[in-house]
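Peer 1: Handing you a structure now.
The values are calculated or read from the model by the stated rules, or taken from the named source; none is laboratory data. The shown structure was predicted, so the numbers you read here are calculated from the model rather than taken from an experiment. Cβ placement follows ideal geometry from the backbone for every residue including glycine, while neighbour counts extend to all protein chains displayed. The area values use the complete protein model at the heavy-atom level, side chains included, leaving out ligands, DNA and RNA. Shrake-Rupley method; radii C 1.70, N 1.55, O 1.52, S 1.80 Å.
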Amino acid sequence: MNAPHELGLTPDDLADLDISPQAFERLVGQLMPRLQEQLRALPELPAQGDVDAEELCRELAQDPAPEHGRAFEELLEPYFRDWLPRTFLTPGPGYLAFIPGGGLLSSVLADLLAGATNRYTGVWQAAPALVQLEANALRWLAEWMGFPESARGLLTTGGSQANFSAIVTAREARLGEHLREGVLYTSSQAHLCVSKSAQLAGVLPDRVRRLPVDAHFRMRTDALAEAVAADRAAGLRPFMVVSSAGTTNTGAVDPLEEIGALCAEQSLWHHVDGAYGACFHMVPELRPLLAGMSRADSLALDPHKGFFLPYGNGALLVRDGAALRAAHAGTASYLPDPAAEEFMDPAQYGPELSRDFRGLRLWLSLQLFGAERFRAALAEKRALAVQAADDVSTLPGIEMVAPPQLSLFAFQLAAPGDDLERRNARTRALLQAVNARGRVFLTGCTVDDGRFLARVCVLSFRTRAERMRACVDDLREVAAELLARD
Ligand SMILES: *Cc1c(COP(=O)(O)O)cnc(C)c1O
């Protein structure tokens, strides 16, 4: 067995599992230079990363359970040398793929603070003031999203969990025991998690309608009205519409006001999946586009996208807070009494009991930077996307299929006379060659008519004008090379 000093710890540092405060500082000290080096290197690292790691994973899978302790340094070494480089470079400035993640270091400070103090924030009574910080962060989000004071919410692990709790809440509020007849409506462009959440919430698979979209990839309200009428005529119970404030594929914002009006008229619960786009409600210029969002019954948003936090941070807002509570409340004789309505009591509003103090990440980030910095950063990402889309749409061979509604645009590369297959192949080749240059990482998607689109999504706080110019330059040069080839 290793003597304690081999762990970099003296016997005084380590009584049972308790690392002394001095040793803790030393361990953090071992980590810091490596983190600093990693953060400094971000702009230079290949933007896509290298995930060719099957052999490495097979080797790793053989690791036996450790019987004796090892030194922290010994574990950090392969983490930074072998494992971390085998990833998409999600925190890098060139990450324009999928919906970019962030990784604000303010949130990392919050994790250190929350983890090292480890108080229990699952129930209000165990840490009332800490839970109130979380409630405040939610209240500020509600304010910025145009939700009323009376709204309640929940901080989740991500948008998928937020959408799930929204569907459960709507199901309880609108269907009760009539689960079998309940019908949910969304668009063909909705995120995968909408169908998945519906299934988890007990909505039958043949009761989920994925409606067609218009030329701008927005849900067609006429198709929605028809589908609702047809289902009612068939004796079913339409109960919920899940619209998108920014789809993952092309960044389309559904006609939220029209959908909201139809929902009001038909007594349907209107939930908006704003995991990608809701944050842009912070930007005054984009508020008209998102107008109906503030009047929805519920809204999912993702602080790990639009507020640049590290992964693991989602949020749900529900206009009628009592409905959220009714769907999730519960008590047991071994627990303290639930908090009065006036206070946030996480276990009464969500599926978890024990949970991390995730609210501190958002709260601390908002406190350290202030709303103005987030608003400015979001406006900048939007402006960068608009400028890049303008530049890209003038390139020979590029057809802009979806100009930016928020900060995402999608396009194809085509030559005159190309059929669908040729265009798709050309567009894939464009992505591959641009990604191979290592300055930006772009991904694509296939839309309903079979077109494969290349897409650019600007949402990382580290993406600035210089990187977007590199993106446009790489697209220009690669597109020209590919078109010159035949
Ligand atoms: C990312 C995303 C989701 C899923 O959220 P997670 O945080 O990945 O669970 C849902 N809807 C949209 C539109 C998204 O962009």
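Peer 1: Give 311, 349 a once-over and let me know the one that is hydroxyl-bearing (Ser, Thr, Tyr), buried (at least 22 other Cβ atoms within 10 Å of the Cβ) and modelled with pLDDT of 95 or more.
Peer 2: 349
Peer 1: Within the bounds of segment 118-130, is there any residue that is under 24 Å from the mean Cα position of the chain (by Cα), within 16 Å of the ligand (Cβ to nearest atom) and either within 30 Å of residue 192 (Cβ to Cβ) or surrounded by fewer than 18 Cβ atoms within 10 Å (Cβ to Cβ) (or both)?
Peer 2: Looking through segment 118-130, none of the residues is under 24 Å from the mean Cα position of the chain (by Cα), within 16 Å of the ligand (Cβ to nearest atom) and either within 30 Å of residue 192 (Cβ to Cβ) or surrounded by fewer than 18 Cβ atoms within 10 Å (Cβ to Cβ) (or both).
Peer 1: Scan segment 88-102 residue by residue and report those that are at pLDDT 95 or above and open to solvent by less than 50 Å² (accessible area, probe 1.4 Å).
Peer 2: Hits for segment 88-102 are 89, 90, 91, 92, 93, 94, 95, 96, 97, 99, 100.
Peer 1: Restricting to segment 195-234, name every residue that is surrounded by fewer than 20 Cβ atoms within 10 Å (Cβ to Cβ) and within 18 Å of residue 265 (Cα to Cα).
Peer 2: Selection gives 220, 221, 222, 223, 225, 226, 227, 229, 230, 231, 232, 233.
Peer 1: Could you check segment 457-486 and list, in sequence order, the residues that are without any contact (Cβ under 8 Å) to a residue 40 or more places away in the chain and not in a helix (DSSP H, G or I)?
Peer 2: 485
Peer 1: Would you kindly identify the helices (runs of 4 or more DSSP H) lying entirely within segment 60-147 that contain at least 3 residues that are among the charged types (D, E, K, R)?
Peer 2: Ranges flagged: 72-78, 128-144.
Peer 1: So, one more: Just one of 416, 404 is of a type outside the set (A, V, I, L, M, F, W, C), more than 21 Å from residue 89 (Cα to Cα) and surrounded by fewer than 21 Cβ atoms within 10 Å (Cβ to Cβ); which is it?
Peer 2: After applying the criteria, what remains is 416.
Peer 1: Free of Cβ contacts under 8 Å to residues at least 60 places away in the same chain and within 16 Å of the ligand (Cβ to nearest atom): is that true of residue 329 in this structure?
Peer 2: no
Peer 1: Filter the strands (runs of 3 or more DSSP E) completely within segment 181-252 down to those with at least 1 residues that are out of contact with any Gly (no Cβ under 6 Å at 6 or more places or on another chain), among the β-branched types (Val, Ile, Thr) and away from the ligand (no atom under 16 Å from the Cβ).
Peer 2: Of the strands (runs of 3 or more DSSP E) lying wholly inside segment 181-252, those with at least 1 residues that are out of contact with any Gly (no Cβ under 6 Å at 6 or more places or on another chain), among the β-branched types (Val, Ile, Thr) and away from the ligand (no atom under 16 Å from the Cβ) span 182-187.
Peer 1: Hey, another quick one. Looking only at residues in segment 412-429 that are in contact (Cβ under 8 Å) with a residue 40 or more places away in the chain and within 29 Å of the chain's Cα centre (by Cα), which one is farthest from residue 392 (Cα to Cα)?
Peer 2: If we take residues in segment 412-429 being in contact (Cβ under 8 Å) with a residue 40 or more places away in the chain and within 29 Å of the chain's Cα centre (by Cα), then 429 is farthest from residue 392 (Cα to Cα).
Peer 1: I've got another one for you. Please work out which residue is least open to solvent (accessible area, probe 1.4 Å), limiting yourself to segment 136-186 and to residues that are more than 21 Å from residue 240 (Cα to Cα) and modelled with pLDDT under 95.
Peer 2: 150
Peer 1: With respect to the numbered conditions (1) more than 16 Å from the ligand (Cβ to nearest atom); (2) part of a helix (DSSP H, G or I); (3) open to solvent by 10 Å² or more (accessible area, probe 1.4 Å); (4) not aromatic (Phe, Trp, Tyr), which one is the sole condition not fulfilled by residue 263?
Peer 2: (3)
Peer 1: Of the numbered conditions (1) within 12 Å of the ligand (Cβ to nearest atom); (2) open to solvent by 40 Å² or more (accessible area, probe 1.4 Å), residue 334 satisfies every one except a single condition; which is it?
Peer 2: With (1) within 12 Å of the ligand (Cβ to nearest atom); (2) open to solvent by 40 Å² or more (accessible area, probe 1.4 Å) applied to residue 334, the lone miss is (1).
Peer 1: Filter segment 293-308 down to residues that are more than 9 Å from the chain's Cα centre (by Cα) and either near the ligand (Cβ under 10 Å from one of its atoms) or at pLDDT below 95 (or both), then give me how many there are.
Peer 2: The total comes to 1.
Peer 1: Would you call residue 364 assigned by TED's automatic domain parsing to the domain that holds residue 142 and assigned to a helix (DSSP H, G or I)?
Peer 2: Criteria met by residue 364.
Peer 1: Only one of 315, 323 is of a type in the set (A, V, I, L, M) and more than 16 Å from the ligand (Cβ to nearest atom). Can you tell me which?
Peer 2: After applying the criteria, what remains is 323.
Peer 1: Scan segment 282-292 and tell me whether some residue there is aliphatic (A, V, I, L, M), surrounded by 20 or more Cβ atoms within 10 Å (Cβ to Cβ) and under 14 Å from the mean Cα position of the chain (by Cα).
Peer 2: Taking every residue of segment 282-292 in turn, none turns out to be aliphatic (A, V, I, L, M), surrounded by 20 or more Cβ atoms within 10 Å (Cβ to Cβ) and under 14 Å from the mean Cα position of the chain (by Cα).
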